[in-house]
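Only one structure is covered here, and it is reproduced in the block below.
No lab work stands behind these numbers, since they all come straight from the coordinates. Just so it is clear, the model here is predicted, and its values are computed rather than measured. Heads up, the Cβs are rebuilt from the backbone with ideal geometry, glycines too, and the neighbour counts pull from every protein chain shown.
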Amino acid sequence: MSADILASINFLPEQLPPDPHREYLKSHVGQISKYTAEVLIGIFAAMATIAVAFRLVIQLRSRGKLYLDDFFVLAATVFLLVETGLLYHLCSWIWIEQALAINPMNFVLFTRSEIMSLLTFLDSENAWLAVAWTSIYLVKLSFLAFFYKLVRNVSRNLTVFWWAALVVSTGAWVFTTFENIINCGTGSSMRCFPYPRHNIAIGISSSVVDVLSDLMILSIPILLLRNSQLRTGQKYRILAFLCLSVFMIAFAIARAFGGMHRDYAGVLTFHATWAHVWLHLEASVAVIMGGLTAFRTMFSREVRSQESSGSSKAINHYIRRLFRKSPGNESSVATSQEAKGPLQGPIAGASMKGLRTFIRRNNREPGHTTIEESMINSKYDPLESYHNFQREHRKSRAVSSTEGSKGSGGSGYTEELRMPEYPLPVLQTHNIV
């Protein structure tokens, strides 16, 4: 078929007059239109970039620095952005390839230069596939890097399984990156002109190794939590963040089985447009899942706060945080208490047994009490204060009697006694107990 198309290329015009119907047919071959694909490509790439930006901010604010798993996600984002630019560059060629795969006679919809450009499309296609698969497997390595800190001191079998998952993921990355080069070659090779041969076999194989590596990574947190002492609800919440690779599995299955169709000769193959767009979506979702894992720290912190203080107390806690005053001792005390976090475990209520033990001086020296201990370190002398009070009181009475004798008799007026500003004596009643 490729020879027939090449023989007919010379009869194609260099330019075609504008025709809306022809442009519509060129952009709507396959299961996804060209315009829809370009919109989806941009939206998912933007969502992935925003998710990773939030991850970096959260990690820097909570941990103060980035770790190995963070750098893997950051590298995956860079590769995703490069892959997005390459895919936009390849869109025109992909839809030409799909039109010829559906019906070779569709070559009349294109100019001679457009058909001949397919001969230089192969190298760009190989580069795009390598960058896209690298972005996906960098996210998988970020999950493995995070899980290694959890499994290295748990059990030897789990550590061996982690290394097996790493080997399988590395082998799968090598296979998916170079599969198109092995199948179609490089340069101006005609083996895959106008569309790749052995499409089903290669596509299914790449999807199988992709899903296999995801399943092995997904099994690690499940094995970790299987024998843990956490409550079932806590296990589910942790798994909800640690098993985000299940979304990557779903997209890989959709990419493999959603784009199958039979070409003009009745051969089962993939839609080129479907395979390219869904591989980009899988890479974007992988990066998004890598960004969302940073929210596990914030989520677990809020869950602990709600479980320890109740939902109403948690709401009051956030209201106080939003409206607390910055100056004063009250703000500093509240801030220090919030920094310490809530007490772990249930708060025990008061008991009569504890009060009875305190009154009976259990395990304490005779005469030594809590009040007395605080009085020892105080500079306040109750006895001296009492004598000062008596002297001031006698002086006030003498002054009052003198002024009363000088005043008009029979007036019945008696000036109120002024209480001294000295502190009153403190009765040491704590020894009565």
ask   = Going by how many other Cβ atoms sit within 10 Å of their own, how do THR134, THR120, THR159 line up, fewest first?
value = THR120, THR159, THR134
request  = Quick one: compute the contact order of the range 19-305, relative version, from alpha carbon pairs under 8 angstrom and 6+ residues apart, as a percent.
outcome  = 30 percent
key: Size of charge dipole - the range 19-305 - debye, nearest 20, with Cβ of Lys, Arg +1 and Asp, Glu -1, no other charges   = 1460 debye
task = For the range 92-102, take each phi angle, set θ = phi - 60°, evaluate the Karplus expression 6.51 cos²θ - 1.76 cosθ + 1.60, and give the result in whole Hz per residue in order, putting x for glycine and proline.
result = 4, 5, 4, 6, 5, 4, 5, 5, 6, 5, 6
message = I want to make sure I understand the PRE zone here: with the label point 7 angstrom from the Cα of SER219 toward its beta carbon, which residues in the range 245-260 have backbone N atoms less than 17 Å away?
response = 245-246, 249
remark   = Length gained if SER155 through LEU16 is fully extended, taking 0.36 nm per residue and subtracting the Cα-Cα distance, is 43.2 nm
task = Based on other C-beta atoms within 10 Å, arrange LYS65, LYS149, LYS140 from fewest to most.
result = LYS65, LYS149, LYS140
note = HN-Hα couplings for the range 254-270 via Karplus (6.51, -1.76, 1.60; θ = phi - 60°), in whole Hz with x for Gly/Pro, come out as 5, 5, 6, 9, x, x, 6, 7, 9, 7, 4, 8, x, 8, 6, 8, 9
message = Could you sort the peptides 390-398, 218-226, 172-180 by per-residue average Cβ neighbour count (10 Å cutoff), highest mean leading?
response = 172-180, 218-226, 390-398
